[in-house]
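Colleague: Here it is: the structure, laid out below.
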Protein chains: 2
Amino acid sequence: VKLDITQDLLSDNDALAEHTAKKLRDAGVVCVGLLSSPGSGKTTLLERTIERWPDASRLAVIVGDVATEADAERLRAAGVIAIQVNTEHHGATCHLDAVPVAEAIESRELGSTDILFVENVGNLGCPGGYLLGEHCRVVLLSVTEGADKPLKYPKAILETDLALVTKTDLAPYVEVSVEGLTVNIRRLKPKADVLAISPKTGDGLEAWLAWLRARLDALRAG
Amino acid sequence: VKLDITQDLLSDNDALAEHTAKKLRDAGVVCVGLLSSPGSGKTTLLERTIERWPDASRLAVIVGDVATEADAERLRAAGVIAIQVNTEHHGATCHLDAVPVAEAIESRELGSTDILFVENVGNLGCPGGYLLGEHCRVVLLSVTEGADKPLKYPKAILETDLALVTKTDLAPYVEVSVEGLTVNIRRLKPKADVLAISPKTGDGLEAWLAWLRARLDALRAG
């Protein structure tokens, strides 16, 4: 995938994101953005996804964090290309924007990739407002964070395509139900796609993989 | 507490924060900032604190959220003055800054207050960079978020005075220990104050109340 990034694009986040999305689509690569609060389990979900995908070499991840290379190291150990972006070296530290994502894509050969995941900095607020070039966006909401978070962070629901209610194995200990979270998600977006998953037990992961495969099939069918 | 906010102060966040801190100190009010990821339990901790404080009418809270009045309603039900700031109506939505905090203080009579808590928007990244007028800052780190968060969000440790490792009742279910989190906190700040608490079971809350009382005594002793 060659992006051909011009100076004009570097100064216009949304134009660069659109350009990135088009180039990836033309190359047959689905780009899936992941966002959530810190510690909701984005990296763990990707580890479980990599284990289950028929050919891990066809997945790649760009991962944003304020600091550390820890997540990229975990993902490389799981068998995929993983490119770490540390936002403390950029102007805005609390979210990715289109420039480091485009630079990361330029830095590696992703031609045989099926899905490029872009795991944003753990932050339920800011990332929703910045396009990166993703074709779809997924928000993770852990039951441990409480049932009220969709209402308190409306962009995280309104600007995403799928809500994953996650860590469902912990629901009995925190008095938060999948149903309670789903009701609040759908108060904001009545037809929201919602899946309940537990990366720890594996519950719900088949439905998540089917959702990903459907996105890939749709992109490649044009 | 009368702040006398001038136009100069409104345009300089740090100067306004310093002005607010001085006015509160002069009035004998300790201002304690709380920050954490979404759903780490800041509001629940305040509910438990209010129940245990000798005179709840001497506590007050300014609470920031992107949207909803939910937290202020919970805190009022617990018996304190609670002023909600919705950051979606301000320029920066992901954290409080000194202006809405000063405006909130001006809006109510807080003269007989011992402790004014400022509960920031749930966000482990951005709030650390903005002074509000607090005399001390507390970060909550839930065991459910994983042991790596201090390293990934260094400002949340470096710019705070106390780290509360919280939801310790859930530690057995998430394979994250208080010790593991404490080690990572102290890799960044070797002498960090750390307390382990469970607002659910009450474990550790006496130490937290003692820490608050010590801050109040120190301020009033000058």
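The values are calculated or read from the model by the stated rules, or taken from the named source; none is laboratory data. What you see is a predicted model, and the numbers here were worked out from it, not measured in a lab. Here the Cβ positions follow ideal geometry from the backbone for every residue, glycine too, while neighbour counts run over all protein chains shown. Just the protein is used for accessible areas: all its heavy atoms, side chains included, with ligands, DNA and RNA removed. Shrake-Rupley method; radii C 1.70, N 1.55, O 1.52, S 1.80 Å.
Colleague: Would you please name the residue that is nearest to the other protein chains (Cβ to nearest Cβ), looking only at residues in the range B:113-165 that are of a type in the set (D, E, K, R), closer than 20 Å to residue B:65 by Cβ and not in a loop (DSSP other than H, G, I, E, B)?
Modeller: Among residues in the range B:113-165 that are of a type in the set (D, E, K, R), closer than 20 Å to residue B:65 by Cβ and not in a loop (DSSP other than H, G, I, E, B), the one nearest to the other protein chains (Cβ to nearest Cβ) is B:145.
Colleague: Among the residues of the range B:69-108, which ones are over 21 Å from residue B:13 (Cβ atoms), open to solvent by 40 Å² or more (accessible area, probe 1.4 Å) and free of Cβ contacts under 8 Å to residues at least 24 places away in the same chain?
Modeller: Passing the criteria: B:69, B:73, B:76, B:77.
Colleague: Any residue at all in the range B:42-50 that's more than 14 Å from chain A (Cβ to nearest Cβ) and surrounded by fewer than 17 Cβ atoms within 10 Å (Cβ to Cβ)?
Modeller: Among the residues of the range B:42-50, not one is more than 14 Å from chain A (Cβ to nearest Cβ) and surrounded by fewer than 17 Cβ atoms within 10 Å (Cβ to Cβ), which makes the answer no.
Colleague: Another one. Inside the range B:83-121, can you point out the residues that are in contact with a helix residue (DSSP H, G or I) (Cβ under 8 Å, 6 or more places away or on another chain), small (Gly, Ala, Ser) and over 19 Å from residue B:36 (Cα atoms)?
Modeller: B:102, B:112
Colleague: Among (1) out of contact with any strand residue (DSSP E or B) (no Cβ under 7 Å at 6 or more places or on another chain); (2) closer than 18 Å to residue B:119 by Cα; (3) among the aromatic types (Phe, Trp, Tyr), there is one condition residue B:173 misses while meeting the rest; what is its number?
Modeller: With (1) out of contact with any strand residue (DSSP E or B) (no Cβ under 7 Å at 6 or more places or on another chain); (2) closer than 18 Å to residue B:119 by Cα; (3) among the aromatic types (Phe, Trp, Tyr) applied to residue B:173, the lone miss is (2).
Colleague: From the list B:82, B:17, B:27, which residue is more than 27 Å from residue B:144 (Cα to Cα) and under 14 Å from the mean Cα position of the chain (by Cα)?
Modeller: B:82
Colleague: Is it true that residue B:66 is closer than 16 Å to residue B:16 by Cβ and crowded, with 19+ Cβ neighbours inside 10 Å?
Modeller: Spelling it out, it is not the case that residue B:66 is closer than 16 Å to residue B:16 by Cβ and crowded, with 19+ Cβ neighbours inside 10 Å.
Colleague: Within the range B:147-206, which residues are of a type in the set (Asp, Glu), farther than 21 Å from residue B:32 by Cβ and open to solvent by 50 Å² or more (accessible area, probe 1.4 Å)?
Modeller: B:175, B:179
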